[in-house]
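Here the structure is laid out as structure tokens; the discussion comes afterwards.
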Amino acid sequence: MKRFYKTVAVSEADDGAFLVTLDDRNLSSPAKRPLRLPTRGVAEAIAEEWDAQGEKIDPSSMAMMSFAATVTDRVTPQRDHVVGEIAGFGGSDLLCFLADGPDELVGRQVTQWTPWRERAEKRLAMRLVVTSGVMPVRQSEEALAAFRAAVEAVDDWSLAPLHTATSITGSLILALAFLDGDLGAAEAFGLSQVDEAFQVEKWGQDREAELRRRGLLAEMKAAERFKTLVSGER
């Protein structure tokens, strides 16, 4: 798509929502829904993305716009579905599946994962079942309900970065700590990559796998920035 506008600006609606305008026309989502943003910070970030476009518009260069569109077109209209999708990770959380060997890897998982698993148990007032290898494990109904309640308590604008963090790390435990600000994007991602990092140490780097990891980390950092902007922080 060619650039079809000259000027980009941010304005505030009467109800306190923030709008991005392209040549005095309010920006809409891809599904043509009005894009009503919760903070000036996120509105300005999206405006900067649109203003930075050249002769042709590159959607892949507009991460903040992508998150805002996801909230507007997917999260808010299908909130219950999205909540269920995220909460579902609690039943098979990465941090509850230790390797069955070697001992060095298991030791790293225990050392690095146990504090975060215990943090979740304390904050959500539940207990988690931990297993080794590929053996399936079923968490209690109380634990699953606690995970769902924690996700349901998250507002629409924060559900989008929570979904990204959960999908990338494979861990709702890490994603909730990330959303709370107890884990940064790089740290949460690193904790989800304990096994991969161990394999790299033993067998060397695979270029394609490394490029994939870099891409996922970039997505995590974008989610972190969006999370910060919608919270009103800078």
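If only one of Phe189, Phe226 is of a type in the set (Phe, Trp, Tyr), within 20 Å of Glu49 (Cα to Cα) and either in contact with a Pro (Cβ under 7 Å, 6 or more places away or on another chain) or touching a residue at least 24 places away in the same chain (Cβ under 8 Å) (or both), which one is it?
Values: Phe189 fails: within 20 Å of Glu49 (Cα to Cα).
Only one candidate passes the filter, namely Phe226.
To keep it simple, each residue is scored yes or no on (1) exposed (fewer than 13 other Cβ atoms within 10 Å of the Cβ); (2) touching a Ser or Thr at 6+ places or on another chain (Cβ under 7 Å); (3) among the small types (Gly, Ala, Ser); (4) modelled with pLDDT of 95 or more.
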{"residue": "Arg74", "(1), (2), (3), (4)": "no, no, no, yes"}
{"residue": "Gly88", "(1), (2), (3), (4)": "no, no, yes, yes"}
{"residue": "Leu105", "(1), (2), (3), (4)": "no, no, no, yes"}
{"residue": "Arg108", "(1), (2), (3), (4)": "no, no, no, yes"}
{"residue": "Ala125", "(1), (2), (3), (4)": "yes, no, yes, yes"}
{"residue": "Gly133", "(1), (2), (3), (4)": "yes, no, yes, no"}
{"residue": "Arg138", "(1), (2), (3), (4)": "yes, no, no, no"}
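Going residue by residue through segment 80-96, is there one that turns out to be out of contact with any strand residue (DSSP E or B) (no Cβ under 6 Å at 6 or more places or on another chain), without any contact (Cβ under 8 Å) to a residue 24 or more places away in the chain and on the phi > 0 side of the Ramachandran plot?
no
Pairs please, first residue from segment 1-28 and free of Cβ contacts under 8 Å to residues at least 40 places away in the same chain, second anywhere and part of a loop (DSSP other than H, G, I, E, B) and small (Gly, Ala, Ser), Cβ atoms under 7 Å, 6+ apart in sequence or on different chains.
Sorted first by the residue in segment 1-28, then by its partner, the pairs are Leu19/Ala13.
Could you list all residues from segment 1-37 that are under 18 Å from Gln53 (Cβ atoms), open to solvent by less than 20 Å² (accessible area, probe 1.4 Å) and out of contact with any Ser or Thr (no Cβ under 7 Å at 6 or more places or on another chain)?
If the condition is that a residue be under 18 Å from Gln53 (Cβ atoms), open to solvent by less than 20 Å² (accessible area, probe 1.4 Å) and out of contact with any Ser or Thr (no Cβ under 7 Å at 6 or more places or on another chain), then Tyr5, Val20, Leu22 are the ones that fit.
Considering each of Asp195, Asp100, Asp182 in turn, give the residue that is touching a residue at least 40 places away in the same chain (Cβ under 8 Å), assigned to a loop (DSSP other than H, G, I, E, B) and open to solvent by 40 Å² or more (accessible area, probe 1.4 Å). It would help to see each step written out before you state the result.
Numbers: Asp195 fails: assigned to a loop (DSSP other than H, G, I, E, B); Asp100 fails: touching a residue at least 40 places away in the same chain (Cβ under 8 Å).
Asp182 is the lone residue from the list that is touching a residue at least 40 places away in the same chain (Cβ under 8 Å), assigned to a loop (DSSP other than H, G, I, E, B) and open to solvent by 40 Å² or more (accessible area, probe 1.4 Å).
So, of the residues in segment 201-234 that are open to solvent by 40 Å² or more (accessible area, probe 1.4 Å) and of a type in the set (A, V, I, L, M), which turns out to be nearest to Leu94 (Cα to Cα)?
Of everything passing the filter in segment 201-234, Leu217 is nearest to Leu94 (Cα to Cα).
Tally up the residues in segment 1-52 that are under 24 Å from Lys227 (Cβ atoms), outside any strand (DSSP E or B) and of a type outside the set (S, T, N, Q), please.
So the count comes out to 24.
Name the single residue, out of those in segment 58-72 being farther than 20 Å from Leu162 by Cβ, in contact with a helix residue (DSSP H, G or I) (Cβ under 8 Å, 6 or more places away or on another chain) and of a type outside the set (Ser, Thr, Tyr), that is least open to solvent (accessible area, probe 1.4 Å).
Within segment 58-72, the subset farther than 20 Å from Leu162 by Cβ is 58-62.
Pick out the ones that are also in contact with a helix residue (DSSP H, G or I) (Cβ under 8 Å, 6 or more places away or on another chain) and you get 59, 61-62.
Now drop any that are not of a type outside the set (Ser, Thr, Tyr), which leaves 59, 62.
Working: Pro59: 95, Met62: 10 Å².
By that ranking, first place goes to Met62.
Are any residues in segment 165-178 surrounded by 24 or more Cβ atoms within 10 Å (Cβ to Cβ) and either in a helix (DSSP H, G or I) or basic (Lys, Arg) (or both), and if so, which ones?
Step one: filter segment 165-178 for residues surrounded by 24 or more Cβ atoms within 10 Å (Cβ to Cβ), giving 165-166, 169, 171-176, 178.
Hits for segment 165-178 are Ala165, Thr166, Thr169, Leu172, Ile173, Leu174, Ala175, Leu176, Phe178.
The values are calculated or read from the model by the stated rules, or taken from the named source; none is laboratory data. These numbers come from a predicted model, not from an experiment. Reconstructed Cβ throughout: ideal geometry from the backbone, glycine too, with neighbour counts over all protein chains shown. We work out accessible area using only protein heavy atoms, side chains counted, and drop any ligands, DNA or RNA first. Shrake-Rupley method; radii C 1.70, N 1.55, O 1.52, S 1.80 Å.
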